[in-house]
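Just so it is clear, none of the values below were taken in a lab; they were calculated from the coordinates. Every value quoted in this text rests on a predicted model; they were computed, and no experiment measured them. Virtual Cβ from ideal backbone geometry, glycine too; neighbours counted across all protein chains shown.
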Amino acid sequence: MVHGYDDVEDEFEDAVEGEEVAKPDGAGNFEVTKEELSIIRADLAGQFPEDYTYLSDAYILSVASKPYSKDPTVRRPLEYTMEKLTHVMQWREEAGAPDMEELVKLANGPETAPAAVEEPEKLTKAKALATALNSGSVYWHGLTKEGKPILWIRTNRKPWYPDVDAEVNALILLSDAGIRAMPKDCTDFVVLSDSNSPPPPNPTFMINMLKALVRGYPDRLSMLASAPVGSIIQFVMNLLLPLMPGRLASKVVLIGTDEMQEKLTDILLNGKDDIPTFMGGEADHDEFYPIEGSCPIRGEGTLKFDYFGMVERLEAAVAGFEKNGGAKKEEE
């Protein structure tokens, strides 16, 4: 159920109290001691013994070191960081995030399997998730020059009347897959949206997706770039931006057609060679993520989207990035 906009704004409010800490480093982050990291780790392990390792040390340090929203000259209070991370883990439990990949495997297997027969409601949820994935509208492919995984959104493949719960579950599944595959010390990702032919806006879907991003993945989004900019995207942004925390809203970039090639070249690991065909480049994403009608059934169930192949390709890209020494250097 979606609450009113005022309720959404209340849920997205940042902390209200701060304390003085050391000056930030050159990147604008503050120091977090090993003792403070240990305190946060111990607290999470005590509350969420089965899922607490989902949060890497690098991510915890990233969250804890950020400037305080109410006073950017100081660091977030440690108590607030602990509360923020606790809320993330509670949200994961409530949303069933740790079990999403199990649903994909269930949807990829036969409906006569014991797990499918014994838990028909779970099978129904798994098939709905597979349907959301099968459109091929969202997937990980490639890295930025800094090694951040890229989540591509192809809005022309999105349904006009989405199954909101299934679409949000797909976002959770994919977000977790990308986070697990991140290079060491990387804590955030980039979203690149092909917004040439989006479906009519669905406010319930958009707000629930925003809630999932803010509640479950704070400080995970490095940038969301949408191109080209049209009237529908302008409408969507006008609706969502007022609901976003300032830190998140500042990461949304709208790119015009005339500057799209240049911006993508600056972002993508291999520059213009990585620009996909649907954005005017030569990289053929459809080789791996074709439209649903061209996708074969992957297993014995209803899954057509190549989820497991996607994960393998992303892991291979990250391994290659790390083997080559990290961030892409500009050729002289």
Inset, instruction - For region 59-121 and region 172-202, compute the distance between their C-alpha centroids and round to whole Å. - result: 15
Legend entry - Size of charge dipole - region 76-178 - debye, nearest 20, with Cβ of Lys, Arg +1 and Asp, Glu -1, no other charges: 660
Inset, instruction - Once you have a ≥ b ≥ c as the square roots of the Cα gyration tensor eigenvalues for region 143-273, tell me rounded if a/c is under 1.5, and otherwise prolate or oblate according to whether a/b is larger than b/c. - result: oblate
Inset, instruction - Please sort by residue number the trypsin sites (Lys or Arg not before Pro) in region 197-272 whose DSSP state is loop and whose Cβ has at most 11 other Cβ atoms within 10 Å. - result: none
Inset, instruction - Let me know the charge dipole size of the chain about its Cα centre in debye, to the nearest 20, where only the beta-carbon of Lys, Arg (+1) and Asp, Glu (-1) is charged. - result: 480
Inset, instruction - Could you calculate the contour length gain from Gln234 to Glu118, that is, 0.36 nm times the residue separation minus the distance between their Cα atoms, to one decimal place in nm? - result: 37.1 nm
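Can you compute the helix-only [θ] at 222 nm over the chain? Use -39500 (n - 2.57) per DSSP H run of at least 4 residues, normalise by all residues, nearest 500 deg cm²/dmol. Intermediate values should be presented prior to the final figure.
Working: 13 runs with 145 residues, N = 332.
It comes out at -13500 deg cm²/dmol, rounded to the nearest 500.
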Inset, instruction - Starting from the amide H of Ser195, placed 1.01 Å from N in the peptide plane, find each other amide H under 5 Å away whose residue is 5 or more places distant or on another chain. - result: Ala227
Inset, instruction - Per residue of region 70-81, in order, report the coupling 6.51 cos²θ - 1.76 cosθ + 1.60 (Karplus, θ = phi - 60°) as ³J(HN,Hα) in whole Hz, putting x for Gly and Pro. - result: 7, 7, x, 7, 10, 7, 4, x, 4, 4, 5, 4
Inset, instruction - Return the long-range amide H neighbours of Val74 (sequence gap of 5 or more, or a different chain), with a cut-off of under 5 Å between placed amide H atoms. - result: Tyr68
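Want the number for Glu322 to Gln47: 0.36 nm per residue separation, take away the alpha-carbon distance, what's left? Before the final figure, lay out each step's value.
Numbers: separation 275, 0.36 × 275 = 99.00 nm, distance 3.34 nm.
Net length gain for the segment: 95.7 nm.
Between beta-carbons, use under 12 Å as the cut-off and find the net charge around Ile179, counting Lys and Arg +1, Asp and Glu -1. Can you show the working numbers first?
Values: positive: Arg92, Lys148, Arg180, Arg220; negative: Asp176, Asp188, Asp219.
Counting the neighbours of Ile179, the net charge comes to +1.
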Legend entry - Glu282-Glu111 pseudo-label distance in nm [points 7 Å out on the Cα-to-Cβ vector]: 4.6
Legend entry - Residues with amide H under 5 Å from that of Val253, placed H, sequence gap 5 or more: Leu224, Ala225, Ser226
Inset, instruction - Kindly work out what percent of the DSSP beta bridges joining two residues of the chain are antiparallel, to the nearest 5. - result: 30
